[in-house]
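Peer 1: One structure, as structure tokens, below. Some questions next.
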Amino acid sequence: MNMPMLLAAIAAVLHITPAVVLVKRPDAVQALLPGADAYFAREVHLSTPDAHRLHKAVDWSPEDGVVTFYVGRAGPAAVGALEFVRVDTPHGPIEVAVGFTPQGAVRGVLVTKATVEMKPWVLEAVGAGLTNHYRQLNPGDTPNGAASIAGRAGDLAKYVAGEVDKGVARALAAYEAFYRESA
Amino acid sequence: MLYDLRHADTRIKWLVTCLLATFGLSYVFGALMVSLYAGFTPRGVAATYRGREMSMAMPPETTMVLEHPMSVAEFAKPETHTVDTNLLIQDTHVHVPMYGVIAAALSLVVVGLSLERRRALGLITLLFAAPWLDFAGMWLTKFASPRFAIVTLVGGWAMGVGYLVVAALAVQQMWFSRERS
């Protein structure tokens, strides 16, 4: 194979496919903050030491150094908080929405975006019960959804479950370190 | 010169025509993809590569919290697709070699056209300069000024113009020129 053909083949193999929305954000908000009638975006602008601490804990530097929690309330009562976390993989980015109860446990997890290539892997993993594994996890717990679907899903679904695990771990770490019920 | 597409074997002409058609198809979908994510305005490109306007130039000395109310409608607003530094590194790594291969393939077509040497050199330069401008604009927009978004737009349009000029000349000379054999 000559050099241009080799380069073209390498580029084609490495090409990242476009992102697709699996769950629209308003739908994710309603599913993970049920009953809320007021919403607030709480942007936590991280100092350098805090950003370093987060990166060391979960290998993550949030975009522009800002972690955003979307807080839901129903009248005076807190409904919980929600984070959208992006995980960059060699196959392109996925986005994971992680909702928390007012007590700080995980209420639910949704994979809201994936690339065209990864979409079937995500659907297979979710179909095998991946997101059920995360419910009731608390900050400090280690998500292991990939292991939870072993035997019920293929290797690529297990691979993408490992990437979702990273997103949930990041959300848990950020929640533990930076979320306070009243800002 | 031995390599002249006007007098090339029909199989070579057909190969070049199929190559140009395939590139044309990919350019059409490339343009559609740009319209979906960054758009064709300097403002849209700047928002994509510069990131959020509210972000601070430097990290604060202590972690700061800002909170503002949101309506459900705001969650439904189309999100600005942003490309952070890590993703831009990945995009550059993946796209630039591919753009180089495409520019090289189109340049090989240019070499086979009946063109003045100066015009052929100019066209080849345009084919390679366009993706350079495209990506230089992205990096400059991110780290220098949002005004450089225009460089990305110029690069993108230059890629389209370069392709159209090469495709039009090649098709005309291969299939419609009086001098073709």
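The values are calculated or read from the model by the stated rules, or taken from the named source; none is laboratory data. As the structure is a prediction and not an experimental result, all values here were calculated from the model. Ideal geometry is used to build each Cβ from the backbone, glycine not excepted, and the neighbour counts take in all protein chains shown.
Peer 1: State yes or no: is B:Leu127 over 18 Å from B:Asp4 (Cβ atoms), out of contact with any helix residue (DSSP H, G or I) (no Cβ under 8 Å at 6 or more places or on another chain), in a helix (DSSP H, G or I) and hydrophobic (A, V, I, L, M, F, W, C)?
Peer 2: Details: over 18 Å from B:Asp4 (Cβ atoms): yes; out of contact with any helix residue (DSSP H, G or I) (no Cβ under 8 Å at 6 or more places or on another chain): no; in a helix (DSSP H, G or I): yes; hydrophobic (A, V, I, L, M, F, W, C): yes.
No.
Peer 1: When you scan the stretch B:22-45, do you find a residue that is in contact with a strand residue (DSSP E or B) (Cβ under 9 Å, 6 or more places away or on another chain), under 27 Å from A:Ala19 (Cα atoms) and among the hydroxyl-bearing types (Ser, Thr, Tyr), even just one? Give the derivation first.
Peer 2: From the stretch B:22-45, those in contact with a strand residue (DSSP E or B) (Cβ under 9 Å, 6 or more places away or on another chain) are B:37; that's our starting set.
Now restrict to residues that are under 27 Å from A:Ala19 (Cα atoms): B:37.
This time we only want the ones that are among the hydroxyl-bearing types (Ser, Thr, Tyr), so: B:37.
Yes, the stretch B:22-45 has at least one match.
Peer 1: Can I ask one more? How many residues does the stretch B:104-147 contain that are surrounded by fewer than 16 Cβ atoms within 10 Å (Cβ to Cβ), over 20 Å from B:Gln173 (Cα atoms) and among the polar types (S, T, N, Q)?
Peer 2: 2
Peer 1: Return the residue satisfying two criteria in turn: it lies in the stretch B:158-181 and is assigned to a helix (DSSP H, G or I) and without any contact (Cβ under 8 Å) to a residue 12 or more places away in the chain, and of such residues it is farthest from B:Leu88 (Cα to Cα). Full working, then the answer.
Peer 2: Residues of the stretch B:158-181 assigned to a helix (DSSP H, G or I): B:158-176.
Still in the list and also without any contact (Cβ under 8 Å) to a residue 12 or more places away in the chain: B:164, B:168, B:172, B:176.
Numbers: B:Leu164: 27, B:Ala168: 33, B:Gln172: 38, B:Phe176: 43 Å.
Among those that are assigned to a helix (DSSP H, G or I) and without any contact (Cβ under 8 Å) to a residue 12 or more places away in the chain, it is B:Phe176.
Peer 1: Which one of the conditions (1) surrounded by 14 or more Cβ atoms within 10 Å (Cβ to Cβ); (2) at pLDDT below 90; (3) part of a helix (DSSP H, G or I) does B:Val83 fail to meet, given that it meets all the rest?
Peer 2: B:Val83 satisfies all of (1) surrounded by 14 or more Cβ atoms within 10 Å (Cβ to Cβ); (2) at pLDDT below 90; (3) part of a helix (DSSP H, G or I) except (3).
Peer 1: Considering only the stretch A:68-183, give the helices (runs of 4 or more DSSP H) lying wholly within it that have at least 1 residues that are crowded, with 24+ Cβ neighbours inside 10 Å, touching a helix residue (DSSP H, G or I) at 6+ places or on another chain (Cβ under 6 Å) and free of Cβ contacts under 8 Å to residues at least 24 places away in the same chain. Spell out how you get there, then give the answer.
Peer 2: Details: elements: A:119-127, A:145-148, A:155-178.
In the stretch A:68-183, A:145-148 are the helices (runs of 4 or more DSSP H) which contain 1 or more residues that are crowded, with 24+ Cβ neighbours inside 10 Å, touching a helix residue (DSSP H, G or I) at 6+ places or on another chain (Cβ under 6 Å) and free of Cβ contacts under 8 Å to residues at least 24 places away in the same chain.
Peer 1: Given (1) more than 30 Å from A:Pro26 (Cβ to Cβ); (2) at pLDDT below 95, where does B:Leu108 come up short, assuming only one miss?
Peer 2: B:Leu108 satisfies all of (1) more than 30 Å from A:Pro26 (Cβ to Cβ); (2) at pLDDT below 95 except (2).
Peer 1: Here is a further query. Which residue pairs have Cβ atoms under 6 Å apart, sit 6 or more places apart or on different chains, and have a first residue in the stretch A:33-59 that is within 7 Å of another protein chain (Cβ to nearest Cβ) and free of Cβ contacts under 8 Å to residues at least 40 places away in the same chain and a second that is surrounded by 15 or more Cβ atoms within 10 Å (Cβ to Cβ) and polar (S, T, N, Q)?
Peer 2: Pairs that qualify, where the first residue is within 7 Å of another protein chain (Cβ to nearest Cβ) and free of Cβ contacts under 8 Å to residues at least 40 places away in the same chain and the partner is surrounded by 15 or more Cβ atoms within 10 Å (Cβ to Cβ) and polar (S, T, N, Q), are A:Ala41/A:Thr68; A:Glu43/A:Thr68; A:Ser47/B:Thr63.
Conditions (1) hydroxyl-bearing (Ser, Thr, Tyr); (2) within 14 Å of chain A (Cβ to nearest Cβ); (3) farther than 16 Å from B:Ala158 by Cβ; (4) without any contact (Cβ under 8 Å) to a residue 12 or more places away in the chain, marked per residue:
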{"site": "B:Val101", "(1), (2), (3), (4)": "no, yes, yes, yes"}
{"site": "B:Val109", "(1), (2), (3), (4)": "no, yes, yes, no"}
{"site": "B:Gly112", "(1), (2), (3), (4)": "no, no, yes, no"}
{"site": "B:Leu115", "(1), (2), (3), (4)": "no, no, yes, no"}
{"site": "B:Arg118", "(1), (2), (3), (4)": "no, no, yes, yes"}
{"site": "B:Thr125", "(1), (2), (3), (4)": "yes, no, no, yes"}
{"site": "B:Pro131", "(1), (2), (3), (4)": "no, yes, no, no"}
{"site": "B:Phe135", "(1), (2), (3), (4)": "no, no, no, no"}
{"site": "B:Trp139", "(1), (2), (3), (4)": "no, no, yes, no"}
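One line per residue, one yes/no per condition, for (1) touching a Pro at 6+ places or on another chain (Cβ under 6 Å); (2) loosely packed, with under 14 Cβ neighbours inside 10 Å; (3) more than 12 Å from chain A (Cβ to nearest Cβ); (4) polar (S, T, N, Q):
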| site | (1), (2), (3), (4) |
| --- | --- |
| B:Leu15 | no, yes, yes, no |
| B:Ala21 | no, yes, yes, no |
| B:Gly39 | no, no, yes, no |
| B:Thr63 | no, no, no, yes |
| B:Asp91 | no, no, no, no |
| B:Val94 | no, no, no, no |
